[in-house]
Amino acid sequence: MEVTQINADGLKREFRVVLAGTDLAGKVEGQLAEFQAKARIPGFRPGKVPVSHLKRLYGRSILAEVVQEAINEANKKIIEDNQLQLAVNPKIEFAEDSREIEKVFSQQADLAFTVAVEVLPKIEVGSLEDLEVERPVAKVTDEEVEQALAKLAEQNRAYEPKGDEAAAAPTDKATLDFTGKIDGELFAGGKGENVDVILGAGSLLPDFETQIVGMKIGQERTFPVVFPENYSVKHLAGKTATFEVVLKNLATASERAIDDEFAKGFGLENLSALKDRLRETIERDFSRASRAKWKRGLLDALDERYQFNVPEGMLQQEFAGIWKTVENEQKQSGRSFEDEKTTEEAARAEYFKIAERRVRLGLLLAEIGQKAEVTVSDDEVNQALAQRARAFPGQEQAIWNYYQKNPQALAEIRAPLFEEKVIDYIVSQARVIEKSVPKEELFEIDEEKSEQPSGTTTAELG
């Protein structure tokens, strides 16, 4: 085997590999000889099939196996001899002239091909001690605990049937059948039977719930409802639907005392213990929101500090995944780039930047994690997998088996665990500045889509 580097351009390397025809022929002959000893072909005695006949029947397939094995050996030699860290799988190119391949098969020529690879960039991380991370924090007030307590009581109120002649009023629980149509056509999600709705709670569109107020049991009503322009289901946004509604049942909420007995219904000793539990829950919510905020700021800072070229193959893979998601969302919503006040070209450019950022951050976090010897144990992966499986009641074992049998899928479980550990390590090295903010700012939604590193990158390198 003769391997020669013929090109080096940035992160790309190209090698020419020549496999001697005599070596290939020898390996093919050797496999044919082994095959001859156990071949069972009609018209020939066992073990007596002529090698020439076997070659006519199986020579090409055996040569293909021999060549594939030689390609694997060549790739291994290229990586080891040049101490390369590959970003994506090598690309193999043979001569397009079929006559050259025929010459190799007939032992008249050597087999030559090229191996194109992309390597990972060398990243100089340096010290992280001068990196500043602003951590927003919000204090849980007694008022917020009381609001959470009132909401909990509201969600657990008992309801008593109202009389047949009673009219639906705000806070009542109405049981409905409804059918919604747009331009005379039933739309997905527009039909429901025996649906319980707490009027005024906002589980359905306010305009819909308002129309129910005043109805009596057994009464039918038809009315239009306009979906908001920013409605979550894009293909319904801004559309007017006509609903036919039947009120099946009606119940009114009974008063419920918020006291020690109420707390005992949740397995707690008294009302004070319930308030403490609610405070802890709110604090966890605040902590998660804070982490999302400062993590985004940290990733922004890392993206600004570390600029390096990323492998084109990884970039194209990441972009392809993002763009597929965009296309699927458009297909489901029925909206176009024009509806979003942009063009496909502009959208591609924007998402390409997002893909580049994700790959760069993924490579950077992988490098930092490797140097810091960050690891994710099998127990941690199994705990995360068990949590994911519990999200599919009745299918837990099937979900568990799927991930255990698919290393790539299991890597998708490991990747975010690794990422969060690396983030924690970086913060432990950086200078953290706490900033008190109101709750509203803590939960303010950031519409940017580029904050997450590429999970695939992190999984593969971590």
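The values are calculated or read from the model by the stated rules, or taken from the named source; none is laboratory data. Only a predicted model underlies this, so the values are computations on that prediction, with no experimental measurement involved. Counting neighbours? That spans all protein chains shown, and the Cβs are built from the backbone with ideal geometry, glycine included.
Being of a type in the set (A, V, I, L, M, F, W, C), assigned to a loop (DSSP other than H, G, I, E, B) and either over 18 Å from residue 167 (Cβ atoms) or in contact with a helix residue (DSSP H, G or I) (Cβ under 9 Å, 6 or more places away or on another chain) (or both) is the filter here, so list the residues in the stretch 206-236 that pass it.
Scanning the stretch 206-236 gives 227, 233.
Do any strands (runs of 3 or more DSSP E) entirely within the stretch 66-163 hold 1 or more residues that are at pLDDT below 95 and within 30 Å of residue 290 (Cα to Cα), and if so, which?
On the way: elements: 91-94, 111-118, 132-137, 159-161.
Where strands (runs of 3 or more DSSP E) fall fully within the stretch 66-163 and carry at least 1 residues being at pLDDT below 95 and within 30 Å of residue 290 (Cα to Cα), they are 132-137.
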Exercise for the section: State yes or no: is residue 254 farther than 30 Å from residue 185 by Cα, of a type in the set (Ser, Thr, Tyr) and surrounded by 18 or more Cβ atoms within 10 Å (Cβ to Cβ)? Expected result: no
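Only one of 245, 233, 225 is closer than 30 Å to residue 194 by Cβ, among the β-branched types (Val, Ile, Thr) and at pLDDT 95 or above; which? Before you say what the answer is, go through the steps one by one.
On the way: 233 fails: at pLDDT 95 or above; 225 fails: at pLDDT 95 or above.
Result of the check over 245, 233, 225: 245.
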Exercise for the section: For the stretch 381-405, name all the residues that are closer than 23 Å to residue 421 by Cβ, among the polar types (S, T, N, Q) and surrounded by 11 or more Cβ atoms within 10 Å (Cβ to Cβ). Expected result: 382, 383, 404
Fill in the blank from the handout: Listed by first then second residue, the pairs whose first member lies in the stretch 8-34 and is under 30 Å from residue 311 (Cβ atoms), whose partner is of a type in the set (Val, Ile, Thr) and at pLDDT below 80, with beta carbons under 9 Å and at least 6 positions apart or on separate chains, are 19/104
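Quick one: is residue 306 surrounded by 15 or more Cβ atoms within 10 Å (Cβ to Cβ), touching a residue at least 24 places away in the same chain (Cβ under 8 Å) and over 24 Å from residue 131 (Cα atoms)?
Working: surrounded by 15 or more Cβ atoms within 10 Å (Cβ to Cβ): yes; touching a residue at least 24 places away in the same chain (Cβ under 8 Å): yes; over 24 Å from residue 131 (Cα atoms): no.
No, not satisfied.
For the structure I just gave you, tell me whether residue 188 is surrounded by 15 or more Cβ atoms within 10 Å (Cβ to Cβ) and at pLDDT below 95. Can you show your working first?
Numbers: surrounded by 15 or more Cβ atoms within 10 Å (Cβ to Cβ): no; at pLDDT below 95: yes.
No: the conditions fail for residue 188.
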Fill in the blank from the handout: Residue pairs qualifying under the 6 Å Cβ cut-off, at least six apart or on distinct chains, with the first in the stretch 216-233 being closer than 14 Å to residue 182 by Cα and without any contact (Cβ under 8 Å) to a residue 24 or more places away in the chain and the second being of a type in the set (S, T, N, Q) and surrounded by 13 or more Cβ atoms within 10 Å (Cβ to Cβ), are 223/211; 224/242
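Sort out which residues of the stretch 343-375 are in a helix (DSSP H, G or I) and acidic (Asp, Glu), and write them in order of number.
In the first step, residues of the stretch 343-375 are kept if they are in a helix (DSSP H, G or I); the result is 344-371.
Answer for the stretch 343-375, where residues must be in a helix (DSSP H, G or I) and acidic (Asp, Glu): 344, 345, 350, 356, 367.
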